[in-house]
Amino acid sequence: MNLHEYQAKEIFREFAIPTPEGVLISSREQLPAVVEQFAASGCVIKAQVHAGGRGKAGGVILAHNEREIEAAVEQLLGQRLKTRQTGEPGLPINFLLAEPLAAIAHEFYIGMLVDRQQRRVAVIASAAGGMSIEEVAAETPEQLHTETVHPVVGLQPFQARNLGFKIGLSGQQLRPFTALLLNLYRLFMDCDASLVEINPLVTTQAGELLALDAKINLDDNALYRHKALQTLRDPSQEDAREVEAQAWNLNYISLDGDIGCMVNGAGLAMATMDLIKLEGGRPANFLDVGGGTTPERVAAAFKLILSDTQVKAVLVNIFGGIVRCDLIAEGIIRAIQEVHVEVPVVVRLEGTRAEEGRALLADSGLAIEPAEGLADAARRVVRAAQEERV
């Protein structure tokens, strides 16, 4: 689960990580108060969306006077921001964060994430912080410095100091930098985060450290332990179909193709999408209905797939181990009858009660095309999608 910058900074302050004192803007009625506070000193207006690259996309505006503040709020609030991460049509800007301009001496990058290969938390620091950190990682990776944290002892002060030396901090800045990094690691562990970033972490002209940005991604699998953090979810920043899928305990991810996929098991779903690509098609989604399913959940899954107007054909690929194929068949029939499906549907059923499931589909009177195997199913659905495009 992603958090907005303003939410992440609230958590930063709870863990004694220095951040600017900003004002959250959710309506234009707040504009007079914002102007009164920042007109003389200026401020930065930042769109609050779940995406990086806001600065390059025009979502971060420096405003130095009343006219510029009003123009920035008018330009951003209520609009949609499209970045390299969001794609089309972008994400809605429902909130803005106004913060005082900082007297920046230097920008740094700090990040923490789970290194799955090492099975440990990796702490990353760079003296090349700011909007071009992705280019730094791609073109000059030697500018990124990493410390790997032992899970038993946690992040150690000497590791924080080592990173501070490598990014060029002065002696008097190492102590507050060490404290900041240790607090950030405590936040990472206490909140069950999967990613925490400060980009940029700056030193001011007065020599102080300040987190000008904040990004926190939380591990969905651990959210049951954090009731307060659960309330910070913003569904407006998520794909509506993915939000609906969560309500049915379905694993659904939207893609940019036109062949809908409903599969049980993540591995089989990946193999199914690979075969569709191999046959020249493009999957419209990843959808794993799981092992213990019901006709109701299958019907909900089918409706999710068909809610994507780009879908030209649907492939249902079920291997019945735990899940029963006849239950899947009942769900398919119910969904097609309720939704009035107008695109070709190819079904491959194997495993537990597969014969009963195939019989239900055959007796349904619906236009469902059976497949003998996975490769055959992929060929049939790709051909059907191609015919629908013509």
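The values are calculated or read from the model by the stated rules, or taken from the named source; none is laboratory data. Worth saying up front: this structure is predicted, and the values here are computed from it rather than measured. Because the Cβ atoms are built from the backbone with ideal geometry, glycine has one as well, and the counts that use them run over all protein chains shown. Accessible surface areas use protein heavy atoms only, side chains included; no ligands, DNA or RNA. Shrake-Rupley method; radii C 1.70, N 1.55, O 1.52, S 1.80 Å.
General remarks:
- Subset of the stretch 321-335 [part of a helix (DSSP H, G or I) and under 30 Å from the mean Cα position of the chain (by Cα)]: I328, G331, I332, A335
- Sole exception among (1) over 29 Å from the mean Cα position of the chain (by Cα); (2) part of a strand (DSSP E or B); (3) modelled with pLDDT under 85 for I318, by number: (1)
To keep it simple, each residue is scored yes or no on (1) closer than 30 Å to G130 by Cα; (2) open to solvent by 80 Å² or more (accessible area, probe 1.4 Å); (3) out of contact with any Leu (no Cβ under 9 Å at 6 or more places or on another chain); (4) modelled with pLDDT of 95 or more.
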{"site": "E197", "(1), (2), (3), (4)": "yes, no, no, yes"}
{"site": "G207", "(1), (2), (3), (4)": "yes, no, yes, no"}
{"site": "L210", "(1), (2), (3), (4)": "yes, no, no, yes"}
{"site": "N217", "(1), (2), (3), (4)": "yes, no, no, yes"}
{"site": "R233", "(1), (2), (3), (4)": "yes, no, no, no"}
{"site": "Q246", "(1), (2), (3), (4)": "no, yes, yes, no"}
{"site": "Y252", "(1), (2), (3), (4)": "no, no, no, no"}
{"site": "G257", "(1), (2), (3), (4)": "no, no, yes, no"}
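- Residue list for the stretch 125-164, filter: in contact with a His (Cβ under 9 Å, 6 or more places away or on another chain) and either buried (at least 18 other Cβ atoms within 10 Å of the Cβ) or within 17 Å of E208 (Cα to Cα) (or both): A125, S126, A127, G129, L163
- Some residue of the stretch 76-95 being surrounded by fewer than 20 Cβ atoms within 10 Å (Cβ to Cβ) and closer than 30 Å to Q173 by Cα: no
- Selection status of A375, in a helix (DSSP H, G or I), among the aliphatic types (A, V, I, L, M) and under 34 Å from the mean Cα position of the chain (by Cα): yes
- Residue in the stretch 160-176 that is at pLDDT 95 or above and touching a Pro at 6+ places or on another chain (Cβ under 9 Å) present: yes
- Within the set A51, A33, A16, the sole residue that is surrounded by fewer than 17 Cβ atoms within 10 Å (Cβ to Cβ) and part of a loop (DSSP other than H, G, I, E, B) turns out to be A16.
- Residue list for the stretch 275-310, restricted to those being of a type in the set (V, I, T) and either in a helix (DSSP H, G or I) or open to solvent by 10 Å² or more (accessible area, probe 1.4 Å) (or both): I276, T293, T294, V298, I305, T309
- Residues that are at pLDDT below 85 and small (G, A, S), drawn from the stretch 357-370: G365, A367
- In the stretch 254-279, the residues that are in contact (Cβ under 8 Å) with a residue 24 or more places away in the chain and more than 16 Å from Q310 (Cα to Cα) reach residues that are open to solvent by 40 Å² or more (accessible area, probe 1.4 Å) and assigned to a helix (DSSP H, G or I) with C-beta atoms within less than 8 angstrom, at least six apart or across chains, in these pairs: L275/A375; E279/R379.
- Residue count for the stretch 356-372, restricted to those that are among the basic types (K, R) and assigned to a loop (DSSP other than H, G, I, E, B): 0
- Which numbered condition G320 misses (of (1) out of contact with any Lys or Arg (no Cβ under 7 Å at 6 or more places or on another chain); (2) surrounded by fewer than 24 Cβ atoms within 10 Å (Cβ to Cβ)): (1)
- Within the stretch 245-274, considering residues that are in a helix (DSSP H, G or I) and aliphatic (A, V, I, L, M), the one nearest to the chain's Cα centre (by Cα): A245
- Scanning the stretch 336-355 for residues that are outside any loop (DSSP other than H, G, I, E, B) and surrounded by fewer than 15 Cβ atoms within 10 Å (Cβ to Cβ) yields Q337, E338, V339, E355.
- Checking K46, K9 one by one, the residue that is surrounded by 14 or more Cβ atoms within 10 Å (Cβ to Cβ) and assigned to a strand (DSSP E or B) is K46 and no other.
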